[in-house]
Amino acid sequence: MNLIIIAVISVTAIGIICAIILNVASQLMYVKVDIKVTQLIDVMPGANCGACGYPGCEGFAIALAAGEAKANLCTPGGSSVLEKISAILGVEADEIEQKIAFVYCCGDCNSRQKKMEYLGIQSCDAAKRLYGGENSCAFGCLGYGDCKVLCPSDAICMENGLAHIIKENCTGCGLCIKACPNKLISIEKASIPVIVACKNIEKGAVVRKKCSNGCIACTKCVKDCCQGAIIIEDNLAKIDYTKCDGCRKCVEVCMTKCLL
C-alpha cells in the first residue's frame, strides 16, 4: 500500500514540476504574433504557390505586414483577395500584376528525335527517372502531362506531346512548376512580348540533331534586335526585358522558330 502511495505522489510531483517548467518556458519563449499577419493569412487562397515571390502565403503575409511587399502580388487570389488585403493594410487597391505560366519548350513530336521507345508509366516524372526519358533532348518537354494533371484551373493542354498554356485560364499559381521534372515552366508577367521557348544549352549542331525547333545560338536575333535586348549565353538566346520594346522582329528572323 505504501508503494502505491509513493508512486502516486511521485507521479503527481513529476507532473507539477513539468507543468511549472512548461509554463516558464512558454513565458520565456513567447513570440508576439502580429494580428495583421493572421488576418492576411485568413484572406489568402492558401495555395502556398510562391507566385508572389515569397515562401508561401505566410511569408507573403509577414512581408505585407512589415511593409516590404506590394499588395497586388497574389495573382491566384485575383481582385477579391487584393481588395481584402488592401482593406486590412489600409491602403488603396492597385491593379493586380497579372502573371501566367510559360512553357520554355517548343519541341513537339514532329520536331524532336527519340533515343528509345518508352513503354513505362505515362508520367513525366517516371519517364525522367529512366535515362531522362525517351527524347534525345534531355532539356525538353517529356510530354506526359504531369503539369496538366496538377493544374487546378484547367489552364494546360497537351498537343502533339507538348504542354501548352491556356492564358485565359491561367491564374499564375505556380503549381505546374513543381510538376515539371525538367523545370521548363516559369511564372512571368503576362505582358512580356516574347520568350525563348528552349532550355537546351548544348551547341547548336547538337541541338539541331535532337530537335529542329531548338535554339541553335545562330545570333540572328541578336543582330536584328535594335534595342540590344538579346544576348547569347550558354549557347542559348536570352532576353533582357528591361530593354525589349516588344517589336517582335526577333520572332520573324528566328531560324528555328523557338522565339514565341
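The values are calculated or read from the model by the stated rules, or taken from the named source; none is laboratory data. Note that the structure is predicted; figures quoted are calculated from it, not measured. A quick note on method: Cβ atoms are made from the backbone with ideal geometry, for glycine too, and the neighbour counts reach across all protein chains shown. Just the protein is used for accessible areas: all its heavy atoms, side chains included, with ligands, DNA and RNA removed. Shrake-Rupley method; radii C 1.70, N 1.55, O 1.52, S 1.80 Å.
I'm trying to understand the selection: among the residues of the range 110-127, which are open to solvent by 70 Å² or more (accessible area, probe 1.4 Å) and either part of a loop (DSSP other than H, G, I, E, B) or closer than 30 Å to Cys52 by Cβ (or both)?
Passing the criteria: Asn110, Gln113, Lys115, Glu117, Leu119, Ile121, Gln122.
Yes or no, residue by residue, for (1) within 30 Å of Ile177 (Cβ to Cβ); (2) more than 25 Å from the chain's Cα centre (by Cα); (3) modelled with pLDDT under 85:
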| residue | (1), (2), (3) |
| --- | --- |
| Ile5 | no, yes, yes |
| Ile17 | no, yes, no |
| Val24 | no, yes, yes |
| Gln39 | yes, yes, no |
| Gly59 | yes, no, no |
| Ala69 | yes, no, yes |
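What are the residues in the range 137-180 that are open to solvent by 20 Å² or more (accessible area, probe 1.4 Å), among the aliphatic types (A, V, I, L, M), within 16 Å of Thr75 (Cβ to Cβ) and at pLDDT 90 or above, if any?
Ile165, Ile166, Ile177, listed by residue number.
Of the residues Gly50, Gly46, Gly59, Gly67, only one is exposed (fewer than 15 other Cβ atoms within 10 Å of the Cβ) and either within 21 Å of Ser186 (Cα to Cα) or touching a residue at least 60 places away in the same chain (Cβ under 8 Å) (or both); which?
Answer to the check: Gly46.
Which residue pairs have Cβ atoms under 7 Å apart, sit 6 or more places apart or on different chains, and have a first residue in the range 77-105 that is over 30 Å from Ala197 (Cβ atoms) and a second that is basic (Lys, Arg) and assigned to a helix (DSSP H, G or I)?
Pairs found: Ile88/Lys36.
Taking into account only those residues within the range 181-195 that are under 22 Å from Gly78 (Cβ atoms) and open to solvent by less than 50 Å² (accessible area, probe 1.4 Å), which is farthest from the chain's Cα centre (by Cα)?
Checking each candidate, the answer is Ile192.
Looking at (1) open to solvent by 40 Å² or more (accessible area, probe 1.4 Å); (2) at pLDDT below 95; (3) not acidic (Asp, Glu), which is the one condition that is false for Gly204?
Evaluating Gly204 over (1) open to solvent by 40 Å² or more (accessible area, probe 1.4 Å); (2) at pLDDT below 95; (3) not acidic (Asp, Glu) leaves (1) as the failure.
If I filter the range 238-258 down to residues being of a type outside the set (Val, Ile, Thr) and within 21 Å of the chain's Cα centre (by Cα), which single residue comes out as modelled with the lowest pLDDT?
Per the criteria, the residue is Tyr241.
Just one of the numbered conditions (1) modelled with pLDDT of 80 or more; (2) within 29 Å of Cys147 (Cβ to Cβ) is not true of Ile88; which one?
The failed condition is (2).
Any residue that is in a helix (DSSP H, G or I), open to solvent by 20 Å² or more (accessible area, probe 1.4 Å) and among the β-branched types (Val, Ile, Thr) - is there at least one of those in the range 92-102?
No, every residue in the range 92-102 fails to be in a helix (DSSP H, G or I), open to solvent by 20 Å² or more (accessible area, probe 1.4 Å) and among the β-branched types (Val, Ile, Thr).
If Asn72 passes every condition in (1) without any contact (Cβ under 8 Å) to a residue 60 or more places away in the chain; (2) of a type in the set (S, T, N, Q); (3) buried (at least 16 other Cβ atoms within 10 Å of the Cβ); (4) part of a loop (DSSP other than H, G, I, E, B) but one, which one does it miss?
(4)
For a quick check of your reading of the model, give me the residue pairs whose first member lies in the range 9-28 and is touching a residue at least 24 places away in the same chain (Cβ under 8 Å), whose second is surrounded by fewer than 10 Cβ atoms within 10 Å (Cβ to Cβ), with beta-carbon atoms closer than 7 Å and at least 6 apart or on different chains.
Between residues of the range 9-28 that are touching a residue at least 24 places away in the same chain (Cβ under 8 Å) and residues that are surrounded by fewer than 10 Cβ atoms within 10 Å (Cβ to Cβ), there is no close pair.
Considering each of Cys215, Cys211, Cys198 in turn, give the residue that is closer than 23 Å to Ile100 by Cβ, touching a Gly at 6+ places or on another chain (Cβ under 7 Å) and open to solvent by less than 40 Å² (accessible area, probe 1.4 Å).
Result of the check over Cys215, Cys211, Cys198: Cys198.
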